[in-house]
Structure formats: structure tokens, C-alpha cells
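Structure first, then comments.
The values are calculated or read from the model by the stated rules, or taken from the named source; none is laboratory data. Predicted model only: the values in this text are computed from it and were never measured. Glycine also receives a Cβ, built like all others from the backbone with ideal geometry; neighbour counts cover every protein chain displayed.
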Amino acid sequence: MLDETVRHTPMPEPELAEPGDHDLPGCVSAELYASMFGCGDEYLYGPDADKAWLGGKVDLEQFMYLQWKFGQKNASAVTAGIAVIIGFGPPNLDGDFAGFCLAVFSLPKNNDALYPVVPTGSYWFSYMAQKGYFFNYQLQQEMILAYASGESPLDVMHRLTHCSIKALKQLGNELIADSGCSTNSSNVYKVLSKEGDTGTKGCVQKFWANEGNLWSLDDMGAVRMMLNNCFDVNPFNTFIGLGWNTYPNPMVCHPPGLAQTTRDHYTGEEYVIDNLPIADFGAGDTKAAKIVLADVDAKTNKYLTTAGFCW
């Protein structure tokens, strides 16, 4: 545990991977959370986003291990590893990855909007119901149980939406022409991609209104694609609050490919909070610490995502 002096002392803005001798990391307070964001941004996510995604104690301890292992020799490997653990799946590391910071903070206990919630499938349906959007219970049950099948999260979304694995790995850009997606899933993506991850601040309303009757509200593929677009519940999401990524797990020293199993690709833990300005997380000694991350060029990312982190 971090003692009170460490936890509440204002931190400078160093590079997480700055050179130097680093002790083997210890443990982190369960009261600390972290999220990666654009260094000049006011919010963790875009200002119109409904929710922001966080990592907690487990993720932070893994970040410290990456700093200990790679920080003195390769700052880029630290950044790429953090990105994988925190949930930046393909295509985020398929090119340059630059301009990011890590916010580390505790959350005020008197602000319900900043209470961290584990983003399970049940949570999303409950959250939308609180806003007046009630989905068929059988659909909820079938979708949640689909993620308990033992398949990888990517394979589950492929089964629900019929989108090819190749297409799902590119959803951060656009839906490719030969995606193979069902008509329901494809139409949802095309219409809601214009809304951003605004959740119940516009995106879910657009889905629910279903102008032109382009999809069925009872189709699991359509609903799963809506969650992707409206809340950034991406194709790598586990629906159980654990991180997962198709990129090599930097904490698992097996080469990528068949040597890293579906289970090996599980990374850390996930939480969501309402997306408020980072300044709202605290003030004075308790304000969020901003840690600058080293930039990673495309060549380095290609090496790490093909050869892995076992060196």
C-alpha cells in the first residue's frame, strides 16, 4: 500500500519511462485509478462521451512492472505495453502511437458520478434501463451468456454480428466493404458511427428511434454493435470487467500466435465512470497526476505486436 504521504503528495509530470535505476515495483493502493488520454485534452474521453474507461490497482501494478523491465532501455515498450493492458486493441498500434499521457488519481467519495463501476453486460442494460431504454430480457440473457461460453471476446462478437474478424479489428477506423456483417449490424454501425460514444446523450436515442426501420431492437448483433458505437464497448470487451486484447500480452512471456492462448490475452481490470473534466477528480494535493508517455513509432509497434514483449 502507498502510505498517506505518498498518496497525497502532488506529483511532477515526468515521462513514465525516463531512464534511470528503478526498484522492482511494489503494490499500489486500491484507491488509485488510471486512464490514458491525449496529453492536451480536458477530458479522459472526448467532451461529448458519456462514459470514461479506467484501470485500477491491478493495471497500475502492471504499468510499474513494465517501467521496471523496459524503462531504462526502451521507453516506447512501456507506452505500447500500457496501451495493450488498458485496452487499445487493433488498429491503435498498427501505426505511430503518440501524444498520450496517463492520468493517475483517486476518486472523491462524495461524487456519485465518479463512482467506479465494473462494466459487465448486466451493467450496460441496467444503466440504459435507468434512462428509459428497456431491452428484451431474453436478449440480455442470451448476450451475457454468450460471453460465458469460453470463446474469445472477439469470436463472440463475430458470432453475434457476423462481422469478419478482419472487419472487427478495423472498427476503430471504419467498416470495411467486405465485412460480412449482418444487415442489422452493418446498418447500426453506419448510422451510429456519426454519433460518437455519446451513450445516452444521443447515441442510444438514435438507435432506439430506429429511423427508417434499418435494424431490429431485438437483434443481438444490432444491440452489440450499438454498445460498440455508443459506449466504446469494443470488439475486445469481455463483458465481465476484465481486460482482453488480441495484441500480445506484455505480462505473458510467450511469443505471439498460438503460444499465447485466449486466457493469456486477458490483461487487467476495467471500470467506467461518468466522463467529467479531469479537473473534477480532485484539487490541491489530491488532483490527478499527469504522466507523459513516450511516443511509439510504427516500426517499434510492428515489432512489439509481432514479436511480443519477451526480451
Quiz item: in contact (Cβ under 8 Å) with a residue 40 or more places away in the chain, farther than 30 Å from Lys290 by Cα and of a type in the set (Phe, Trp, Tyr): does that describe Tyr137?
Solution: no
Exercise. Could you identify the single residue in Gly95, Gly38 that is touching a Cys at 6+ places or on another chain (Cβ under 8 Å) and small (Gly, Ala, Ser)?
Key: Gly38
Practice problem: Kindly indicate whether any position in the stretch 250-265 is hydrophobic (A, V, I, L, M, F, W, C), assigned by TED's automatic domain parsing to the domain that holds Val84 and touching a strand residue (DSSP E or B) at 6+ places or on another chain (Cβ under 6 Å). | Solution: no
Quiz item: Can you pull out the helices (runs of 4 or more DSSP H) entirely within the stretch 53-169 that have at least 2 residues that are more than 30 Å from Cys253 (Cβ to Cβ), at pLDDT 95 or above and under 21 Å from the mean Cα position of the chain (by Cα)?
Solution: 121-130, 137-146, 153-161
Quiz item: Asp50: in the same structural domain as Ile278 (by TED's automatic domain parsing), modelled with pLDDT of 95 or more and crowded, with 21+ Cβ neighbours inside 10 Å, yes or no?
Solution: yes
Quiz item: Name the pairs whose Cβ atoms lie under 7 Å apart, with the first residue in the stretch 292-311 and over 9 Å from Gly95 (Cα atoms), the second among the charged types (D, E, K, R) and part of a loop (DSSP other than H, G, I, E, B), and 6 or more positions between them or separate chains?
Solution: Val292/Glu13
Practice problem: Answer yes if at least one residue in the stretch 243-251 is in contact with a helix residue (DSSP H, G or I) (Cβ under 7 Å, 6 or more places away or on another chain), farther than 26 Å from Pro116 by Cβ and either of a type outside the set (D, E, K, R) or at pLDDT 95 or above (or both), and no otherwise. | Solution: yes
